[in-house]
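Take a look at the structure set out below.
The values are calculated or read from the model by the stated rules, or taken from the named source; none is laboratory data. Being a predicted model, the structure only gives us computed values, none of them experimental. Cβ sites come from the backbone with ideal geometry, for glycine too, and all protein chains shown count toward neighbours.
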Amino acid sequence: MRVKIHHEGTNIILVLLVILLIINIPLWLYTTPIALPITITSISAVLWLLVVNFFRSPRRKFVGNRENVVVASADGKVVALERTFEDEYLHREVIQLSVFMSIFNVHANWFPVDGEVVYSKHHSGRFMAAWLPKSSTENERSTVVIRTKDGKEILMRQVAGAMARRIVTYAQPGVEASIEDHMGFIKFGSRIDLYLPLDTEIKVKIGDVTTGGVTEVARLKPSENA
């Protein structure tokens, strides 16, 4: 799969590079012993590479049967899989499937299903650790609902974490959703919640590692009139 840098991180990467050069060049010119500039430059290189890794923007293609499939919306680890009541849009009991992204994961987010975006709303909030259950309703977050071709509504929520300070959501009502397309980006540690119908067949378990746009996490029950 081809990997490039996400446009959300281009300026951050360039600014950080300039700052690190300003710090490191004088060290090499004027500091002795040489052990100090070697140490600082090594730390700077690791920091810069971590930020570059964070802002990777891989283009991925799902291989398999796309009919009724639900794919992971993010790289990370499954941290919640439970029955809950969704009260912002669906107003019914659903299965919540949550994936936590560490700072080492790609933070681009993919659409979980093919369909059409019918709802998108950003909510201001707190910045608690993203793995806490309360973060889904109290942290800064963005809610998006996609309606599949047979009428099922799948809700996904981008949740900011303790380090995240900006959620970017490209998905807006009327936009066509494809599991191969990015629907948004979260800058630094965070999670994605998916809210699925109770009759959905779940394909993952707590602790499983997911790849956004690739891992099949669930399969929706076919509509009776499909």
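Name every residue in the stretch 49-61 that is among the charged types (D, E, K, R) and surrounded by 17 or more Cβ atoms within 10 Å (Cβ to Cβ), in order of residue number. Once the filter is applied, which keeps residues that are among the charged types (D, E, K, R) and surrounded by 17 or more Cβ atoms within 10 Å (Cβ to Cβ), the stretch 49-61 yields only 60. Within the stretch 62-85, restricting attention to residues that are surrounded by fewer than 18 Cβ atoms within 10 Å (Cβ to Cβ) and of a type in the set (S, T, N, Q), the residue that is modelled with the highest pLDDT is 84. Annotation: residue 11 fulfils all but one of (1) loosely packed, with under 10 Cβ neighbours inside 10 Å; (2) touching a residue at least 40 places away in the same chain (Cβ under 8 Å); (3) outside any loop (DSSP other than H, G, I, E, B); the unmet one is (2).
Filtered by the rule that a residue be touching a helix residue (DSSP H, G or I) at 6+ places or on another chain (Cβ under 9 Å) and either assigned to a strand (DSSP E or B) or more than 18 Å from residue 167 (Cα to Cα) (or both), the stretch 74-122 gives 80, 84, 87, 88, 96, 98.
Residues of the stretch 172-206 being touching a Phe, Trp or Tyr at 6+ places or on another chain (Cβ under 7 Å) and not in a strand (DSSP E or B), which ones? Matches in the stretch 172-206: 173, 178, 179, 180, 181. Scanning the stretch 180-192 for residues that are in contact with a Lys or Arg (Cβ under 9 Å, 6 or more places away or on another chain) and either buried (at least 24 other Cβ atoms within 10 Å of the Cβ) or without any contact (Cβ under 8 Å) to a residue 60 or more places away in the chain (or both) gives 186, 191, 192. For the criterion of being touching a Gly at 6+ places or on another chain (Cβ under 7 Å) and farther than 21 Å from residue 12 by Cα, residue 100 passes.
Can you name every residue in the stretch 205-222 that is over 24 Å from residue 151 (Cα atoms) and crowded, with 17+ Cβ neighbours inside 10 Å?
Let us first name the residues in the stretch 205-222 that are over 24 Å from residue 151 (Cα atoms), namely 205-211.
Result: 210, 211.
Report yes if some residue within the stretch 51-60 is outside any helix (DSSP H, G or I), of a type in the set (Phe, Trp, Tyr) and more than 17 Å from the chain's Cα centre (by Cα); otherwise report no. Checked the stretch 51-60: no residue is outside any helix (DSSP H, G or I), of a type in the set (Phe, Trp, Tyr) and more than 17 Å from the chain's Cα centre (by Cα).
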